[in-house]
Amino acid sequence: MQIIIYRGTHQIGGMATEIRSSTTCILIDMGDELSLEKDFKSTSLSISGVTDTNGSCAAVLFTHYHGDHIGQLKKIREGIPLFMGPLAKDILLATLSQNTDSLKRRIEQARTFTSGNGFKIGDLFIKPFSVDHSACDSYMFLIEADGKKNLHTGDFRLHGFRGKETTKLLDQLNDKVDALIIEGTTLSRIDTQPMTEMELQQMVRFYIDQYKYVFVLCASTNVERICAMSKAVPRGKYFICDEYQSNLLDLIERHWGKTSSHYQNIKKTTYGKNLLPQFLKRGFLMMVRVNGKFRDIIRLFPPEKSIMIYSLWDGYRTAPGSTIPDFLSLVPQWESLHTSGHASPKDIQTVIEKINPDIIIPIHTDNPEMLRTICPDRNVVVLNDGETFTI
Ligand SMILES: [Zn+2]
Ligand SMILES: [Zn+2]
């Protein structure tokens, strides 16, 4: 089995990994590079058989819907089947802007898989496993061919609401894994231990108790966190969002409602001016985004009783030219309340111990060498983008 990481051996994001058996070739993810620069455009990936006809690619599998894994989907040659999680597919379709008909058609045609149910593509046997991440419906892939097995983790963590399930799943994985391709986003910030999503939810409760009007700035597609925020609102107060956010919450309830009360019965009110007297009277937690519409709404409420919770990565706020500081200044007080979507270094070690692979290949990291430092007794192979590695 051959592995080629086209991008992501020495950077966070822009992912594309090729897995090749003696007869079949597939790609995992096709993402945009990440940057904090304004109007940044990712370099296009050029992959034989995927973006041109000089070769063959039997399928492209997506670990999840973040742009750094899916952003270059439109560059994939027509006719190559796409695979993704069923909820991820619906969320992607719901977030597409207008004038994207060809992309929409492509995603509508994507095939879906379910966690734990393997399928064949050529002579590759693929088993997807649902994992915890800040994008819901994210997957690891166990890929078997030529008598070898490799596990590609995608982006994952163990400190979210489904972290325990992810740990359990890894415990039950009895397969002997030859190569583990593991994300290492946090390897460049080794000394930090993230707060759990459960702790974050507790903090939200604390702010709801202190302030009558709580505005929250959070990625709309971080749907599990938003479910948790809605559940933190006590009876008598409103959980408010707009139509767009409401649709995303309906999707998670439809797909996952039966699996846990966390995704069920989300009591939301869609913002409408007619309800303003009620909102003023009872108080609320409101999901907002940085735009003129929400600026106008925030100004309708007494600032001394309002707080803004900033629930995004701090880099977006501090980036040169960011409009976020100005938005936060709409209310006199704001607090940062966020936790990483990525496994901590300690959890990366835990996963490596559980899987016990012969070879470990770090990806999605700007400090792959750090994996050697934290796992000194392991066979860590640091690849370069585009290099072919045979297991
Ligand atoms: Zn990523
Ligand atoms: Zn991600």
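Here are some notes:
- Footprinting exposure proxy ranking of ASP32, ASP296, fewest other C-beta atoms within 10 angstrom first, gives ASP296, ASP32.
- Value of Rg to Rh for region 176-235 (Rh from inverse mean 1/r over Cα pairs, i.e. Kirkwood): 1.15
- Computed extension length for MET203-THR114: 28.7 nm, one decimal, from 0.36 nm per residue of separation with the Cα-Cα distance subtracted.
- The chain - mean residue ellipticity at 222 nm from DSSP helices (-39,500 (n - 2.57) per run, n ≥ 4, rounded to 500): -7500 deg cm²/dmol
- Degrees separating the helix 197-210 axis from the principal Cα axis of the chain, which is the longest one: 10
- Rounded if a/c under 1.5, otherwise prolate or oblate - region 21-136, Cα gyration tensor axes: oblate
- Distance between region 1-21 and region 143-164 - C-alpha centres, whole angstrom: 15
- Rg then Dmax, both in Å and based on the Cα atoms of region 197-336: 14.5, 44.
- Relative contact order for region 295-391: 22 percent, from Cα pairs under 8 Å spaced at least 6 residues apart, divided by residue count.
- Ranked list, fewest to most other Cβ atoms within 10 Å of each Cβ, for CYS218, CYS241: CYS218, CYS241
- Remark: spin-label model distance LYS168-THR196 equals 1.4 nm, labels positioned 7 Å along the Cα→Cβ axis.
- Using alpha-carbon coordinates, inclination of helix 86-95 to the longest axis of the chain, degrees: 50
- Relative to the longest principal axis of the Cα atoms of the chain, the long axis of helix 345-355 makes an angle of roughly 40 degrees.
- For the chain, the spherically averaged projection of the C-alpha convex hull amounts to 19.0 nm².
- The GluC sites (Glu not before Pro) of region 326-391 meeting both criteria, a DSSP state outside H, G, I, E and B (loop) and at most 13 other C-beta atoms within 10 angstrom of the site's C-beta, are GLU369, GLU387.
- Once you reduce region 193-260 and region 49-101 to the center of their Cα atoms, the two points are 28 Å from each other.
- At q = 0.25 Å⁻¹ the log10 of I(q)/I(0) for region 245-297 amounts to -1.01, computed by Debye summation with a single uniform scatterer per C-alpha, solvent ignored.
- Dividing the mean sequence gap of close Cα pairs (under 8 Å, 6+ apart) by how many residues the chain holds gives a relative contact order of 21 percent.
- All Cα pairs of region 297-383, percent lying beyond 17 Å: 63
- Order of LEU103, LEU187 under a 10 Å beta carbon neighbour criterion, fewest first: LEU103, LEU187
- Relative contact order of region 197-336, defined on C-alpha pairs under 8 angstrom at six or more residues apart (%): 32
- The modelled label-to-label distance for the pair LEU34/ASN291, using points 7 Å beyond Cα in the direction of Cβ, is 2.4 nm.
Throughout, read-outs are computed from the coordinates displayed, never taken from laboratory work. Remember, it's a predicted structure, so these values are computed and weren't measured experimentally. Glycine also receives a Cβ, built like all others from the backbone with ideal geometry; neighbour counts cover every protein chain displayed.
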